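A short worksheet on the structure shown next.
The values are calculated or read from the model by the stated rules, or taken from the named source; none is laboratory data. Quantities reported herein were computed from a predicted structural model and do not represent experimental measurements. A quick note on method: Cβ atoms are made from the backbone with ideal geometry, for glycine too, and the neighbour counts reach across all protein chains shown.
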Amino acid sequence: MKKTVFIDGQHGTTGLKIRDRLSGRKDIDVVEISEAKRKDPEARKALLNEVDVVFLCLPDDAARESVGMIRNESVCVIDGSTAHRVAEGWVYGLPELKKEQRMLIKNSKRIAVPGCHATGFVSMLYPLVANGTVGPDSPVTSHCVAGYSGGGKSMIADYETPDAPDYIKNPRPYSLGLNHKHIPEMARIVGLAHPPLFSPTVVNVYNGEIISIPLISRYLKRVVSAADIKTMLAEHYAGEEFIKVMPYPADNHLKNGFLTFTDCNGTNSLEIFVFGGKDMILLCARFDNLGKGASGAAVQNMNLVLGMPEATGLEGAGA
């Protein structure tokens, strides 16, 4: 019997990607509101309470409103917004986070999909805080470069309009008040005592992301090298299909000395690279901000909740 799914916000960037990922599946029936009833709140409320899984691809306030409409306790909500990522009663939807995370997701009816930037940040740093290499009170900085699709329809329109100004073609640092909306989940999920200093940059590429975290060995809780860090991360993610720790040194994965930006695009993969040596270490995560950073992660969580093979409908970078 097919499972039923409703994408609330199906015409947004993430909603459309989820719809694409589900379109060829014979085990899922995507239910939609008819054009005539699209603005009818009662029709929307009815669907929210009738399906097996609801994907929320909405702004934060609208996501909270939708959750408030759901009275059917059997409906599983998978929220792609920021609204519930650190909220009580919600499970963080990163299955690879720790050993018990998959079971927490499987048994939950309220799952928050990680933010795109947080996905890379948490994947790199959580294992090192959990094993005591990085102290919870350590000062942490992170920088990312990401495609403009992460800004949603309005930013996509800014970049793709024929008369876009020249300055938009250049890399543009943003969130310079150092208060990006992903920072709370970065700190909470990793277990940091203080918010990280996070500085994102948007570039004139549709999708793709590289996020980095520098570490200085003498400030860690134990003296380790880049090779040691790579081993720790590889052990943490051993056997994972979608998070891969790349070989160290990573020279063979560079192209003319550069770490390229879009190699994971179109997949649900996240690749972790470790650079540096004994004293200075740089962690980098490469992934598709619309894949493992959004729609791919949402579908991965749905598969777990519905008892389906976790990788159904998803591709790894090697596929």
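For this structure, a couple of remarks:
- Hits in the range 208-256 - residues which are over 26 Å from the mean Cα position of the chain (by Cα) and more than 21 Å from Asp279 (Cβ to Cβ): Asn252, Asn256
- The residue of the range 17-75 that is nearest to Gly115 (Cα to Cα), among those that are assigned to a helix (DSSP H, G or I) and of a type in the set (S, T, N, Q), is Ser66.
- Figure legend. Inter-residue proximity from the range 139-160: first residues more than 30 Å from Arg218 (Cβ to Cβ), second residues among the acidic types (Asp, Glu), beta-carbon distance below 8 Å, spacing 6+ or different chains. Indicated pairs: Ala146/Glu209; Gly147/Glu209; Tyr148/Asp158; Gly150/Glu209; Gly151/Asp158.
- Hey, Asp251 outside the structural domain of Val53 (by TED's automatic domain parsing) and farther than 28 Å from Asp20 by Cβ or not: yes
- In the range 76-129, the residue that is surrounded by the fewest Cβ atoms within 10 Å (Cβ to Cβ) out of those that are touching a Cys at 6+ places or on another chain (Cβ under 6 Å) and assigned to a loop (DSSP other than H, G, I, E, B) is Lys109.
- Failed item, numbered, when Glu35 is tested on (1) without any contact (Cβ under 8 Å) to a residue 24 or more places away in the chain; (2) crowded, with 17+ Cβ neighbours inside 10 Å; (3) of a type in the set (Asp, Glu): (2)
- Enumeration of residues in the range 143-154 that are farther than 20 Å from Lys292 by Cβ and either modelled with pLDDT of 95 or more or of a type outside the set (D, E, K, R) (or both): Ser154
- Taken together, the criteria place Ser154 among residues that are farther than 23 Å from Glu271 by Cα and part of a helix (DSSP H, G or I).
- Residue within the range 48-66 that is of a type in the set (D, E, K, R), in the same structural domain as Ser108 (by TED's automatic domain parsing) and surrounded by 18 or more Cβ atoms within 10 Å (Cβ to Cβ) present: yes
- Taking first residues from the range 44-69 that are more than 18 Å from Lys181 (Cα to Cα) and partners that are crowded, with 21+ Cβ neighbours inside 10 Å and among the small types (Gly, Ala, Ser), the Cβ contacts under 6 Å between residues at least 6 apart in sequence or on separate chains come to Phe55/Ala298.
- Apart from one condition, Leu254 fits all of (1) more than 30 Å from Lys3 (Cα to Cα); (2) surrounded by 15 or more Cβ atoms within 10 Å (Cβ to Cβ); the exception is (2).
- Note on the range 290-307: residues that are buried (at least 16 other Cβ atoms within 10 Å of the Cβ), over 14 Å from the mean Cα position of the chain (by Cα) and part of a loop (DSSP other than H, G, I, E, B) total 1.
- Unique match (being at pLDDT below 95 and within 24 Å of Ala146 (Cα to Cα)) among Asn204, Asn252: Asn252
- Among the residues making up the range 270-289, those that are in a loop (DSSP other than H, G, I, E, B) and buried (at least 24 other Cβ atoms within 10 Å of the Cβ) are Asp288, Asn289.
Here is a yes/no grid of residues against (1) closer than 30 Å to Asn207 by Cα; (2) charged (D, E, K, R):
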{"position": "Gly9", "(1), (2)": "yes, no"}
{"position": "Lys26", "(1), (2)": "yes, yes"}
{"position": "Asp29", "(1), (2)": "yes, yes"}
{"position": "Glu32", "(1), (2)": "yes, yes"}
{"position": "Lys39", "(1), (2)": "no, yes"}
{"position": "Ala46", "(1), (2)": "no, no"}
{"position": "Met69", "(1), (2)": "no, no"}
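- Beta carbons closer than 7 Å, at least 6 apart along the sequence or on distinct chains, pair a first residue in the range 1-29 that is on the phi > 0 side of the Ramachandran plot with a second that is among the hydrophobic types (A, V, I, L, M, F, W, C) for Gly9/Leu56; Gly9/Cys57; Gly9/Leu58.
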